[in-house]
1. Would you rank H108, H24 by solvent-accessible area, highest first, keeping every protein chain in place and using a 1.4 Å probe?
2. Between S241 and K29, how high is the FRET efficiency from 1/(1 + (r/R0)^6) when r is the Cβ-Cβ distance and R₀ = 30 Å? Nearest 0.05.
3. Loop-only check: which GluC sites (Glu not before Pro) in region 238-302 are DSSP coil with at most 14 other Cβ within 10 angstrom?
4. If you take the beta carbon distance between E352 and E96 as r and set R0 to 51 Å, what does 1/(1 + (r/R0)^6) give as a FRET efficiency, to the nearest 0.05?
5. Taking the highest mean first, how do the peptides 174-185, 150-161, 131-142, 399-410 order by number of other beta carbon atoms within 10 angstrom per residue?
6. For S22, what accessible area in Å² do you get when you roll a 1.4 Å probe over the heavy atoms of the protein chains, rounding to the nearest 10?
7. By its C-alpha gyration tensor, with a ≥ b ≥ c as the square roots of the eigenvalues, how is region 91-146 shaped: rounded for a/c under 1.5, else prolate for a/b larger than b/c, else oblate?
8. Only residues of region 91-108 count here: report those whose backbone N is under 14 Å from the spot 7 Å along Cα→Cβ of D128, or say none.
Amino acid sequence: MSYELTSCKVFADNYESWAGRSTHDWFIKDETKVQVLSNGIIFPVKSDSNYSAWSGGVTDNLGNFIAGHIRTRRESDETGQVDKGYNLSDKPKIIEEKVVYCGVAHPHFGHFLTESLGRLWWFLENPDPNIKYAFIAPNDEIKYLDFLMMLGLKKEQITLIKEPTCFSEVIIPEQSTIAYDGFKDKAMKIYDAIRDSVEPKSFDKVYLTRTALPKNFSDGITVNEDYFEAFYRSQGYEIISPEKYSIRDQVAIMAGAKEVACVYGTAGHLILFSHDQVKITILNRFSEGFAIQFWMNQARRANSVWVDVSMNFLPHTHFLSCYLLLPTAQWEEYLKDDGIKLPWDSSLNLKESVFEYIEEWTRLVALFAKKHPKFLETRYRSFTFSNFVEVFSKLIREPINSETKKSLENIFKKNK
């Protein structure tokens, strides 16, 4: 079975990194297996505050760990092991019935798509309405039930494990998606089934914007995306804020789209519900991408375009970031390649955009530092105001006068 991209174009300084990861073979050829466990015990989730690590999963009746959740195929990566926070000598609740272990229902939308649906290929191959499907979840909540309903599951078939529970039989399908490693042959059956449950919308070209998202820690803050949104609007793209639509409508929009554009992030994961050979243009907001979007593009056999529009000159991390997007040299190369006459006219105010970026970055870091006092010391130790002033001056291509410098200092003082 071949999952090669239809085509791939990269417009980025670090071309080899982006092109290499985009054309890498993310298809995991191992057979997707299933295990049946008599008298299996399912333990609920106990997670850290960022949901990056948790305990929970399945053991046999002797307490031997059988299954948790895998995010990469490294031998050490089996998160969810029942080795912390539980007293295995306590007697679990006993239910004399058969269940399918579905793993962790992640509370983050993008991670739910890529990590919480991967075992449900078994349901599609064994559509027995009498079998129940067991999830474990942080905060004892399954946030995105609509995806399960669209797949064909009924509410009465879904059970959320809130205390250690022993079932007479636990069916454990292997994951068909491994978030940071790739996908198996069963994976796309799941997304196709969800997509085919709706009537496609009639937007041929869509731009998935982040401009209406609240400014918070979870996905960072993106500055100046409205410049690129305006460009795609001028090219006939329908501007879509996914969070304003129901899950069914989000899927329907993607099912009908032939061309999709977006800034790198969760919105791009919706390509899972497109048809094969969709064209997807992703505007890079940081220097290196994560495996998730690469394998999705490959799984959809997409015509893939990557364009670096990032101009992040302040320190940042993946989980706490403020991103500055500007029409870079790579953006101009992309427009020329696409036959767009330059310069494309827009109301870009460079200094205003840079000031907004500085202010949002400072606010974000200051808010986070209040919760984690040692954060600035450990992460941004080398950052100094004088370094920043020098970079700012070079970026706007003019010396910083005393008035401008005072404005910058006020931004930092205001957000302390």
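1. H24, H108
2. 0.20
3. Sparse-neighbourhood loop GluC sites (Glu not before Pro): E288.
4. 0.15
5. 174-185, 131-142, 150-161, 399-410
6. The value for S22 is about 0 Å².
7. The shape class here is oblate.
8. The answer is 97-101, whose backbone nitrogens lie closer than 14 Å to the label point.
The values are calculated or read from the model by the stated rules, or taken from the named source; none is laboratory data. This structure is a prediction, so every number in the text was calculated from the model and none was measured. For neighbour counting, all protein chains shown are included, and Cβ atoms are generated from backbone atoms with ideal geometry for every residue, glycine included. Just the protein is used for accessible areas: all its heavy atoms, side chains included, with ligands, DNA and RNA removed. Shrake-Rupley method; radii C 1.70, N 1.55, O 1.52, S 1.80 Å.
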